[in-house]
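Below: one structure, written as structure tokens.
The values are calculated or read from the model by the stated rules, or taken from the named source; none is laboratory data. All of these numbers come straight from a predicted model, not from anything done at the bench. All Cβ positions, glycine included, derive from the backbone under ideal geometry; neighbour counts span all protein chains shown.
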Amino acid sequence: MEFLHAPWRIEYLLAPKPEATQSLFTQIAQSSDDVANLVIARDRSCYAVLNRYPYNGGHLLVVPYKESPDLDGLTEEELADLWKLTRRCVNALKQHMKPDGFNVGINLGKAAGAGIFQHLHIHIVPRWLGDTNFMPVLAQTSVVPQALAELAAQLRAGLAQ
């Protein structure tokens, strides 16, 4: 058996877990520490945040401030804001990371793979030709080539323009 050591994960594993009264996304929405939370943009009814445990480099999430498990819980204005910020984030990722394509999607419900099923969010995952190599296929491990804080600062600056 092969071992891949990931000592940065121990901080998360040992950290106290918050009460389930609010989703992680609601806690981030209400926090003013965007740098620590990797928030890259805030709009009127939603925000964008880098995924701390990404599928691929640049994987980010667009999240409504309102906690809702599905699209029916959002107003037409909130839905429009969500997709407008998604478009802005895709454009920022195109400019700063130059991917060959994107996976953009929503997992609605636990059975669909939603990790935080009570608070819908849109995944934006940059993709490059050949980015699926032996690591995720054989070792079930993803290699993220850029530090999250560095990428968050670049995207934050790009989205502020």
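Residues considered: ALA29, ALA41. Of these, the only one that is touching a Lys or Arg at 6+ places or on another chain (Cβ under 9 Å) and under 13 Å from LEU155 (Cβ atoms) is ALA41.
To keep it simple, each residue is scored yes or no on (1) of a type in the set (S, T, N, Q); (2) surrounded by 11 or more Cβ atoms within 10 Å (Cβ to Cβ); (3) over 17 Å from the mean Cα position of the chain (by Cα); (4) modelled with pLDDT under 95.
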position: ALA15; (1), (2), (3), (4): no, no, yes, yes
position: SER23; (1), (2), (3), (4): yes, yes, no, yes
position: ILE40; (1), (2), (3), (4): no, yes, no, no
position: VAL49; (1), (2), (3), (4): no, yes, no, no
position: ARG52; (1), (2), (3), (4): no, yes, no, yes
position: TYR55; (1), (2), (3), (4): no, yes, no, yes
position: TYR65; (1), (2), (3), (4): no, yes, no, no
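For (1) in contact with a strand residue (DSSP E or B) (Cβ under 7 Å, 6 or more places away or on another chain); (2) among the β-branched types (Val, Ile, Thr), each residue gets a yes or a no:
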residue	(1), (2)
HIS59	yes, no
VAL63	yes, yes
SER68	no, no
THR75	no, yes
LYS84	no, no
LEU93	yes, no
HIS96	no, no
PHE102	yes, no
ASN107	no, no
